[in-house]
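Participant: Here you go, one structure.
The values are calculated or read from the model by the stated rules, or taken from the named source; none is laboratory data. All values derive from a computational prediction rather than experimental measurement. Because the Cβ atoms are built from the backbone with ideal geometry, glycine has one as well, and the counts that use them run over all protein chains shown. Side chains included, ligands, DNA and RNA excluded: accessible areas come from the protein's heavy atoms. Shrake-Rupley method; radii C 1.70, N 1.55, O 1.52, S 1.80 Å.
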Amino acid sequence: MASVNIRAVHKHFGSTHVIRGVDVDIADGEFCVLVGPSGCGKSTLLRMIAGLEEIGEGEISISGRVVNRVPPKARDIAMVFQNYALYPHMTVRDNMSFALMLAKQPKDAIEARVARAAGILGLKDYLDRYPRQLSGGQRQRVAMGRAIVRDPQVFLFDEPLSNLDAKLRVQMRTEIKELQQRLKTTSIYVTHDQIEAMTMADKIVVMRDGVVEQTGDPLSLYDRPNNIFVAGFIGSPAMNMVPGTARMNGGAAHVEFGAGVTLPLPHSARAADGQRVLYGIRPEHCMLSDAGLPAEVVVVEPTGADTQLYCRFNSQELNSLVRDRVTCRAGDRVALAPDLAHAHIFDAATGARLTA
């Protein structure tokens, strides 16, 4: 096991600056997820940790040892790829043991490690099969088994579930998290799926355009996003963002939305009088009420446990996630009010969250 420390790391591809001064600290045994939209630099950063990409500037250390000039095979890491990267002409057993054979490990030790990994991953009955004889989930388990047998300091996962169907993705993310908790190996996981990030991570690093926008545990990012990018990226359905103007003078502080429509300022927020703001409300905190934002129901989506309402206010879509059954239909007029303890205010110009 090992800590991973990334200090002021930069990376250029030609004239394109893809990693821009990233600083991240990953503790020993921590499950860290790098998340962000396609092209944000998360996979490049992972490959730099693995040694598959050179570091332009800055420093990456594993267990306190700077690895900038250390070749991949000497970093004591194991990587699980998106496309499994299995040898099609080798059995499951041979795929899992190949790296150990190259390292000239004793045959008994190799067999013991493969048997242990196969037992952990439920692959004992498949050791003599070839990759073509396995399902997608089984192939991914083999790829993880190949990493486990090496007993590395750090596991690296590069979007390992993106080729699986939706049901299998849910199953596999649970298995990966359970595996990491059992082995207690430091793990760095790349995904663009924020649900994977929320459900699997001890720590989430949200990236955009090669920059870290925010780092923290999942619920901290969900409850206290630094800016509108993090607020919109973390959470599904996405947070509602309603433009308005803050009014602080004369009576209680509130936000105006035009046509005489106002909402009180959230409990934890402060803004300057006349400041253009975005009122952020997560769908589960956007409640049907007797007073609030007057909206027209566009689509009603009942799921059984709750109901998703897609509404329109001032030509803007508003989502409300209602835990109870509702009788409203498309075309109905409703009022949507925020839970003031969980609403947010963002500066419309900078996107930063405004706090008291």
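Participant: If each DSSP helix of 4+ residues adds -39,500 (n - 2.57) and the sum is divided by the residues in the chain, what number results at 222 nm, nearest 500 deg cm²/dmol?
Facilitator: Numbers: 8 runs with 85 residues, N = 356.
One gets -7000 deg cm²/dmol as the mean residue ellipticity at 222 nm.
Participant: May I ask which residue of P72, M96, G41 lies farthest towards the positive end of the charge dipole of region 1-150, with charges of +1 (Lys, Arg) and -1 (Asp, Glu) on Cβ and the Cα centre as origin?
Facilitator: M96
Participant: Then there is this: With a 10 Å radius around each residue's Cβ, average the other Cβ atoms per peptide and rank 147-155, 322-330, highest first.
Facilitator: Values: 147-155: 20.9, 322-330: 11.6.
Packing proxy ranking, top to bottom: 147-155, 322-330.
Participant: Pull up the cross-link candidates among the aspartates and glutamates for K124, meaning alpha carbon to alpha carbon under 18 Å and not fewer than 8 places away within one chain.
Facilitator: By straight Cα distance, K124 reaches D94, D108, E111, E175.
Participant: Mind ranking 275-286, 21-32 by how tightly packed they are, going by the mean number of other C-beta atoms within 10 angstrom, highest first? List each step's numbers first, then the result.
Facilitator: Details: 275-286: 21.3, 21-32: 17.9.
Result, highest mean first: 275-286, 21-32.
Participant: In debye, nearest 20, what is the charge dipole magnitude of the chain about its Cα centre with +1 on Lys and Arg Cβ and -1 on Asp and Glu Cβ, if you could check?
Facilitator: On the way: 40 positive and 39 negative charges, 220 e Å.
Around 1060 debye, computed over the chain.
Participant: By average Cβ neighbour count within 10 Å, what is the ranking of 94-106, 228-240 from highest down?
Facilitator: 228-240, 94-106
Participant: Still on this structure, I have one more. Carbon and sulfur together cover what percent of the accessible area of region 279-328 at a 1.4 Å probe radius? Write down the numbers at each step before the final one.
Facilitator: Numbers: 1170 of 2560 Å².
The computed percentage sits at 46.
Participant: Something else: For the chain, take the longest principal axis of its alpha carbons; what is the angle in degrees between that and the long axis of helix 92-102, to the nearest 10 within 0 to 90?
Facilitator: On a 0 to 90 degree scale, this one is about 70.
Participant: Got a sec? What order do E256, E317, E159 fall in by accessible area at 1.4 Å, biggest, i.e. largest, first?
Facilitator: Working: E256 75, E317 115, E159 30 Å².
The ordering from most to least exposed comes out as E317, E256, E159.
Participant: Which of the three applies to the chain, rounded, prolate or oblate, going by the alpha-carbon gyration tensor with a ≥ b ≥ c and a/c under 1.5 meaning rounded?
Facilitator: Details: a/c = 3.14, a/b = 1.85, b/c = 1.70.
Prolate is the answer for the chain, as a/c is 1.5 or above and a/b outweighs b/c.
Participant: When a/c reaches 1.5 or more, the comparison of a/b and b/c decides; with that in mind, is region 200-322 rounded, prolate or oblate per its Cα gyration tensor?
Facilitator: Working: a/c = 2.09, a/b = 1.17, b/c = 1.79.
Oblate shape, in that a/c is at least 1.5 and b/c is the bigger or equal ratio.
Participant: Which whole-angstrom value gives the distance between the alpha carbon centres of region 1-59 and region 246-292?
Facilitator: 39 Å
Participant: Out of I60, L121, P106, whose Cα points farthest toward the positive end of the dipole of the chain (charges: +1 Lys, Arg; -1 Asp, Glu; placed on Cβ)?
Facilitator: About the Cα centre, the residue reaching furthest to the positive side is P106.
Participant: Calculate how many DSSP beta bridges within the chain are antiparallel, expressed in % of all such bridges and rounded to the nearest 5. Display every interim value, and only then the final one.
Facilitator: On the way: 59 of 77 bridges.
Percentage antiparallel, nearest 5: 75.
Participant: If you don't mind, there's one more thing I want to ask. Straight distance only, please: which lysines reach the Cα of K203 with their own Cα at less than 25 Å, same-chain residues fewer than 8 apart left out?
Facilitator: The reachable lysines, counting only those whose Cα sits under 25 Å from K203, are K11, K42, K167, K177, K184.
Participant: Moving on to the next point. Return one whole number: the accessible area per residue of the chain in Å², for a 1.4 Å probe.
Facilitator: Heavy-atom accessible area per residue stands at 46 Å².
Participant: Rounded to whole Å and sorted largest first, list the principal axis extents of the Cα atoms in region 95-215.
Facilitator: 47, 29, 24
Participant: Next question. Under a Cβ-only charge scheme (Lys and Arg +1, Asp and Glu -1), can you give me the dipole magnitude of region 233-300 about the Cα centre, in debye to the nearest 20?
Facilitator: Details: 4 positive and 5 negative charges, 48 e Å.
Taking the Cα centre of region 233-300 as origin, the dipole is about 240 debye.
Participant: Dipole of region 201-291 (Lys/Arg Cβ +1, Asp/Glu Cβ -1, origin at the Cα centre): which of A253, I204, L288 lies farthest to the positive side?
Facilitator: Value: A253.
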